[in-house]
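Read the figures in this text as sums done on the coordinates, not as results from a lab. All figures in this text were calculated on a predicted structure; none of them were measured in a lab. Positions of Cβ are backbone-derived with ideal geometry, glycine not excepted, and every protein chain shown enters the neighbour counts.
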Amino acid sequence: MSQKLELTELRSRIVDRLNNLTKPVGSLGYLEEIALKMGLIQERVIPELPRDKRVYVFVSDHGVTAKGVSAYPKEVTYQMVLNFLNGGAAINVFSRHVGADVYVVDSGVDGDFNIEHPKFIGAKVNYGTRDFTEGPAMTREEAERCIELGRGIAKRAISEGADLLAIGDMGIGNTTTATAIACAMGFDIDEILDIGTPLDAEGLKRKREAVLMALKVNRPDPNDPIDILTKVGGYCIGQMAGFILEAFEQKIPVVIDGFPTTAGLLIAWKMNPKVLDYVFAGHRSKVKGHGVILNKLGLRPILDLDMRLGEGTGAVLAMTIIEAAIKMIREMATFESAGVSKGTDQI
């Protein structure tokens, strides 16, 4: 039997079970689609609950902050790494709530961390990207290294038993970088551009000018994701792309977070469109461009809470919904087992 036929048979069996649970067909809406997707990922009619949930927060600095595109100074990036490791950030609170472990990745922070911490991963490519309004954000070799480092981080996580992964991102200037990546792939800047941190009208104007200048100066090739990453990307975004690619190859689901993590997904998607089969959109960020990109990718967000913090916060909160969907297909009785008349399923 071909792999396609096997997948079709598996899908049919999962749908049949969902339709035979003690409820009207389709009455649990998107939860049923989530359960179906998890079954297909795990290659099980009745998917198992995750045993090892993790979120990896990728952190790096962005040279474009020199152009005044954020309400916060770049020093906040370094300071937030320490906050993550001390357990004081929102991502720590929400991860404790859902029972997930927080790992912090130094992808390219402009500073050194002389610390030993079991959840800290040193993967620094450089001390922040260059200002992409004046030339490429990084070298092509650095971009390729980002992908490999991200792959390595995912590979280690999975080898240690991680079976539900989430990615988060932190770095002053990251939404400007994410905007540039999206626009380099053909998205309209007027549909994408928005504030990340609280930015006034002048600040948003500077952000727009920086993105347009980056595209003009660098002319990234829309068909070459590594060229886009090189010219207008960020170290954290490249590593998230590699992380997603590796998780896909090892058949482990990844929950993405907001706008910058979705820029990482765009790079991975350009490299292999099949990654979407293993990706869940944790939430829809209040950053307007995020919904535009999710719609393009055909990903429905699990949550929509007007959040725009980042760090992986929306992704880890969505883990509870994914688990609820799995429990639904695992624990609900079928009409037959409960002795309930099924009816006609007609309304």
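Working note: 222 nm ellipticity from helices only, DSSP H runs with n ≥ 4, each -39,500 (n - 2.57), summed and divided by the residues of the chain, gives -15500 deg cm²/dmol to the nearest 500. As a calculated quantity, the FRET efficiency between Met332 and Arg156 at R0 = 41 Å, using C-beta atoms, amounts to about 0.70.
Extending 7 Å from the Cα toward the beta-carbon at both Glu116 and Arg51 defines two label points whose distance is 3.0 nm. Pull out a ≥ b ≥ c, the square roots of the eigenvalues of the alpha-carbon gyration tensor of the range 234-343, then state rounded if a/c is under 1.5, prolate if not and a/b is larger than b/c, and oblate in the remaining case. Here the range 234-343 falls in the prolate category. Across the range 113-121, rounded Karplus estimates of 3J(HN,Hα) from the backbone phi angles (6.51 cos²θ - 1.76 cosθ + 1.60, θ = phi - 60°) give 10, 8, 9, 10, 8, x, 10, 9, 10 Hz, Gly and Pro being marked x. Select from Tyr127, Ser27, Leu82 the residue farthest towards the positive end of the dipole of the chain; place +1 on Cβ of Lys and Arg, -1 on Cβ of Asp and Glu, and compute about the Cα centre. Comparing the listed Cα positions along the dipole, Ser27 ranks first.
Comparing Ala66, Ser159, Val287 along the charge dipole axis of the chain, the residue lying farthest to the positive side is Val287, per the Cβ-charge model. Across the range 63-74, rounded Karplus estimates of 3J(HN,Hα) from the backbone phi angles (6.51 cos²θ - 1.76 cosθ + 1.60, θ = phi - 60°) give x, 5, 4, 4, 8, x, 8, 10, 7, 10, x, 5 Hz, Gly and Pro being marked x. Between amide H atoms placed 1.01 Å from N, distances below 5 Å from Ile121 occur with Val104, Val105, Asp106, all of them 5 or more places distant or on a separate chain. The charge dipole of the range 53-321, taken about the Cα centre with unit charges on the Cβ atoms of Lys, Arg (+1) and Asp, Glu (-1), comes to about 380 debye, rounded to the nearest 20. Based on alpha-carbon centroids, what's the gap between the range 264-302 and the range 218-248 in Å, whole number please? About 14 Å separates the Cα centre of the range 264-302 from the one of the range 218-248.
Under the simplified labelling scheme, the Arg96-Glu134 pair shows an inter-label distance of 4.3 nm, with each label point 7 Å from Cα along Cα→Cβ. Could you tell me which residue out of Val340, Ile329, Ala180 lies farthest along the dipole of the chain toward its positive end? Charges go on the beta carbon: Lys and Arg +1, Asp and Glu -1, centred on the Cα centre. Value computed over the given set: Val340.
Among complete DSSP H helices in the chain, those whose alpha-carbon atoms stretch at least 20 Å along the helix's long axis and whose mean Kyte-Doolittle hydropathy reaches -1.0 are 3-19, 140-159, 201-218, 235-249, 313-331. Note: relative contact order over the chain, using C-alpha pairs below 8 Å and six or more positions apart, is 24 percent. In this simple spin-label model, placing a label point 7 Å from the Cα along the Cα-to-Cβ direction at both Glu75 and Thr197 gives a separation of 1.2 nm. Near the amide H of Leu303, within less than 5 Å, lie the amide hydrogens of His283, Arg284, all on another chain or at least 5 residues away, with H placed in the peptide plane. For the range 228-281, what class follows from the C-alpha gyration tensor (a ≥ b ≥ c being the square roots of its eigenvalues): rounded when a/c is under 1.5, otherwise prolate if a/b is larger than b/c, else oblate? Verdict is prolate for the range 228-281. Straight-line cross-link partners of Lys296 among the lysines, defined as a Cα under 18 Å from its Cα and at least 8 positions apart when in the same chain: Lys270, Lys274, Lys286, Lys288.
For the residue pairs Lys124/Lys251; Lys67/Lys231; Lys23/Lys251; Lys53/Lys327, the alpha carbons lie more than 23 Å apart in Lys124/Lys251; Lys23/Lys251.
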